[in-house]
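Only one structure is covered here, and it is reproduced in the block below.
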Amino acid sequence: MNSSLLKLHNILFILLLIMSCSSEKFLKKGDNLLSENRLYINSEEKRSNPAKQLILPKPNTYFLGLPLKMQLNQWANESPKENFEKWLNKKPQRREKLNKLLSSKQVYQLEKYSVQLNSWLKKNGEEPSLIDSSLIKNNIKRLNQYHKNFGYFDVVSNFEINKLKPKIQEVKYKVDLKEIYTIDNFIDEIKSNELRDLFLNNKKKSFLKPGNSFTIQSVEKERNRLIKLFRDNGVYNFQQNSLQFIAKIDSSGIDKKIDVVIEINPIQRRVNDTLITIPYKKHKVDEINVFIESLINNDLNYNYNSSYKGFQIYSKEKLKYKNKAITDPIFIKKGEWYSDNDRASTYRYFNSLRNFKYPSITYEPSSDSTLVASIILTPKERFSLGLDIDISHSNIQNIGMGLGISTGIRNIFKGTEVLDFRIKSTLGASRNSAIANDRFFNLFELGGDIKIQFPKIISPISFEKFIPREMDPITQLNFGTTLQENIGLDKQYFGSSFEYQWSPKKSKKISFKLVDFEFVNNKNIENYFNVYKNSYDRLNTIAKNNFISDQYLGYDGNLSVPEGSNSFIEDVQNGNLEIINQADLDRINSISERQNRLTVNNLILGSSLIFNTNSQESLIDENFHQLKWKFEWVGNVLNKLLEWSSKKNDYGEYVINGVRPSQYIKTEVDYIKHYPTGRDRVLAFRFFGGIALPVGNSSNIPFSRSYFAGGANDNRAWKAYKLGPGTTKNNNEFNEANLKISTNLEYRFPLIGPLKGALFIDAGNIWNIADNVKDPESRFENISDLSEIAIGSGFGIRYDLNFFVFRFDTAFKTHNPSLIKQNRWFSEFSLKKAVFNIGINYPF
């Protein structure tokens, strides 16, 4: 009884505290709080119109209906240091007592903390947004000017203030657009004949055409178009302030037509006391000089020079690059018109080589119509070195420590190539009883990889017509290997790839792996049931339920590993042991199939094509989409060769030294879209779909090329590998399949300062399709199986540290397909069964 009264007392106290935190207490006498700004355009309310962003001030933000930011602002004060001093001196001997109790240094620290806390309160708090007549009048002016920029020159705006509660009001802004003005004539007054010819020859591409509405946006587009047109066609010194647009409006106001006049005046320059006029002229590049600086030689003189295909190359020391490697990145062409685009392409290409610091490109006139281009290149240090250390934990190792060393070597073949070499070793500790080793660090992994990048397409056939230099072509060669000891099945891995990359446009990138090779050799397959405990536990339960003889059991009365477990499976499948029911026999066959698939050595040889498009202009651009499409075909060529040169084994498969080459086709699509919904507010959407189908020589997909579900960047209500396939109940440590569908929807919003919030819904699952898995719960049979989509929902907190975002998400199982149908929805929607995810940066 006393406990219930205490709880009731606490609840009443919290309710009273919340109710007392009202907005009115932050107001002075005569002030009225702004509740909302409403915008009506031609009598229709516009809630998300861009013009609404011009209206100031913004209403205060509330959290769960409470004005928390206003409360933070009220707790702050204007003179925190002086207030702390007043507090120290308010009572006699307070300062002296504190100095004795703490120390003078600690009292000084208290003062610093007080000032810092006050700064935090002011930074994250909000002053009350008040009704202000002067701000409202300025808003009317801004709204009128905004719509005039879109051609509504007769626009009329007004406002009205409505009282909602005592001291709380809203403002309605009413905009009457009237009739829009259109362009009647586009007239040029260009004094340079050369510029006028350029203008007239390209007038069809103009953004200012008769009959179109007259907008400031179209004027700015036309200004940028003309500047680019002139500077890409020989006018190297064209200045933006020489270009003017004049709009001539009918003064009577009857005719809603505008004549647009374009003026281009010559350059005016003051020489001594005389103002001279310099007419614009087109210039061709007459000479191109390349100067190679030295990291060692500080001599001002360039002691070496050579001529190559019209380029003059000067260097302070003997040239360490092939002439072609220096001239290929240069898009500036001798004997052709100056072009800003050629200059920018040269900058971009040299930067992509990773061999030089940012280049310097200058032009000097050599006559009235010619220019000399000078390109200064400063090489980077030839060698670079990197070191990384990490600590890890997994279900295999209790703790692991890794040390990695990487080095880069530039210009290895004198063609601005780059070689990257990396080696990493890991020591780990495991309490796995199967590891007969008394050492604490009883796990070991060593890996290394080499990557060589060539700044061109390397092929016996020239692809320059299809993939020109402007597309920044790259050929990349990779080699990698890994060795393991006492880790899982002690995998030995070797991989290699030969890849082409190019960018048809700034927003598009294509990668084509001509050769993608991977070989996995599992050295310790006897350790399978020690690693995959779920499979062992199910097999052991079946064995005990069928009362098997002691020959399969160990000293603890369970199946021994590996002899007992493997013998039990083999005898059941050979008919030497009789199993009680068909369901157990099916489970044993399923366990055996998975064991064979995960212990078999994998040989993967194929090709892949990846297409990427990204409309994001910069890191702060939140209105964009990304699309990635991948197609992979593996084993077709190799298995065709085996058909001609060898026979199938007893299982109807082609093998090479006992290893069956994988054969499959795989395709996947990954789409991301961000919709900005307000300041620092984004609705983010993602869809992923992928399928891998075994063909020919294969009846399943290699584990490394399969799909899994769950985890911090997927369906966050399930841990990685713990969702699916289909309606199965997480039978394995690593659940995977060859079909995946996944969607995510996340709303991101600001909380306080760098602290952000998010609400999200994740949906998806994995299934087996067209492979040798027989379990009906894991297979995708028809469209009705989409009802097995798992749904998770939750909320997240993100802290923005500028260079990365720390993310903490809490997710709840909203629809769990592994449960019986009547319990799938919300039966596990509780904090007790929530999944907590920690991640770096946003999931998509």
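A few comments on the model shown:
- Per-atom-type breakdown for segment 323-393 gives carbon and sulfur 53% of the accessible area (1.4 Å probe, protein chains only).
- The alpha-carbon atoms of segment 295-422 define a convex hull whose volume equals 146 cubic angstrom per residue.
- Residue 790 long-range amide H proximity, modeled H, under 5 Å: 764, 765
- Furthest towards positive pole of dipole, 626, 605, 186, structure part the chain, Cβ charges: 186
- Solvent-accessible surface of segment 442-551, taken per residue with a 1.4 Å probe and all protein chains present: 53 Å².
- Hydrodynamic analysis of segment 128-177 uses the Kirkwood radius over alpha carbon pairs. Inserted into Stokes-Einstein at 4 °C and 1.567 mPa s, it gives a translational diffusion coefficient of 109 µm²/s.
- Accessible area in square angstrom per residue, segment 131-180, 1.4 angstrom probe: 57 Å²
- Vicinal HN-Hα couplings computed from phi for segment 545-551 (Karplus, 6.51 cos²θ - 1.76 cosθ + 1.60; Hz; Gly/Pro x): 5, 9, 6, 6, 6, 5, 5
- Across segment 583-699, C-alpha contacts under 8 Å between residues 6 or more apart give a mean separation that, scaled by the residue count, equals a relative contact order of 25 percent.
- About its Cα centre, the dipole of segment 525-661 is roughly 400 debye, where the only charges are +1 on Lys and Arg Cβ and -1 on Asp and Glu Cβ.
- The aspartates and glutamates within cross-link reach of residue 91, meaning a Cα-to-Cα straight distance under 16 Å and a gap of 8 or more places when in the same chain, are 82.
- Under the shape rule built on the C-alpha gyration tensor, where the axes satisfy a ≥ b ≥ c, the chain is oblate, since a/c reaches at least 1.5 while a/b does not exceed b/c.
- With the cut-off at under 16 Å, measuring from each backbone N in segment 719-755 to a point 7 Å along the Cα-to-Cβ line of residue 685 picks out 742-748.
- Only the Cβ atoms of Lys and Arg (+1) and of Asp and Glu (-1) were treated as charged; on that basis the dipole of segment 304-370 about its Cα centre amounts to roughly 520 debye.
- Per residue, the accessible area of segment 555-601 comes to 54 Å², computed with a 1.4 Å probe over protein heavy atoms only.
- When you restrict to C-alpha pairs under 8 Å that are six or more residues apart and normalise by the size of segment 195-313, the relative contact order lands at 17 percent.
- Counting only DSSP beta bridges with both residues in the chain, the antiparallel share comes to about 85 percent.
- Qualifying aspartates and glutamates (Cα of each under 13 Å from Cα of residue 424; at least 8 residues distant if same chain): 388, 390, 445, 449
- Share of pairwise Cα separations in segment 479-621, more than 19 Å, in percent: 65 percent
- A simple charge model with +1 on the Cβ of Lys and Arg, -1 on the Cβ of Asp and Glu and nothing else charged puts the dipole of the chain at about 3040 debye relative to its Cα centre.
- Dipole of the chain computed with +1 at Lys/Arg Cβ and -1 at Asp/Glu Cβ about the Cα centre; of 565, 375, 750, farthest Cα towards the positive end is 750.
- Peptides 592-600, 811-819, 617-625 ordered by average Cβ neighbours within 10 Å, highest first: 811-819, 592-600, 617-625
- In loop segments of segment 153-262 as defined by DSSP, there are no chymotrypsin sites (Phe, Trp or Tyr not before Pro) with at most 15 further C-beta atoms inside 10 Å of their C-beta.
- The share of accessible area on segment 611-666 that comes from carbon and sulfur is 55 percent, using a 1.4 angstrom probe.
- Taking the convex hull of Cα positions in segment 621-769, its mean projected area over all directions (nm²): 11.8 nm²
- Its relative contact order, with pairs defined as Cα atoms under 8 Å and 6+ residues apart, puts the chain at 5 percent.
- The chymotrypsin sites (Phe, Trp or Tyr not before Pro) of segment 512-606 that meet both conditions, a loop assignment by DSSP and at most 16 other Cβ atoms within 10 Å of the site Cβ, are 547, 555.
- HN-Hα J in Hz across segment 805-817 - Karplus 6.51, -1.76, 1.60, θ = phi - 60°, x for Gly and Pro: 10, 8, 10, 10, 10, 10, 10, 10, 6, 8, 9, 10, x
- For segment 190-276, the square roots a ≥ b ≥ c of the C-alpha gyration tensor eigenvalues yield an a/c of 1.5 or more together with a/b not exceeding b/c, which makes the shape oblate.
- Rounded percent of accessible protein surface that carbon and sulfur make up, segment 719-844, 1.4 Å probe: 64 percent
The values are calculated or read from the model by the stated rules, or taken from the named source; none is laboratory data. On a predicted model such as this, the values are computed, not experimentally measured, just so you know. So basically every Cβ, Gly included, is an ideal-geometry build from the backbone, and we count neighbours across all protein chains shown. Heads up: the accessible areas ignore ligands, DNA and RNA and are worked out on the full protein's heavy atoms, side chains in. Shrake-Rupley method; radii C 1.70, N 1.55, O 1.52, S 1.80 Å.
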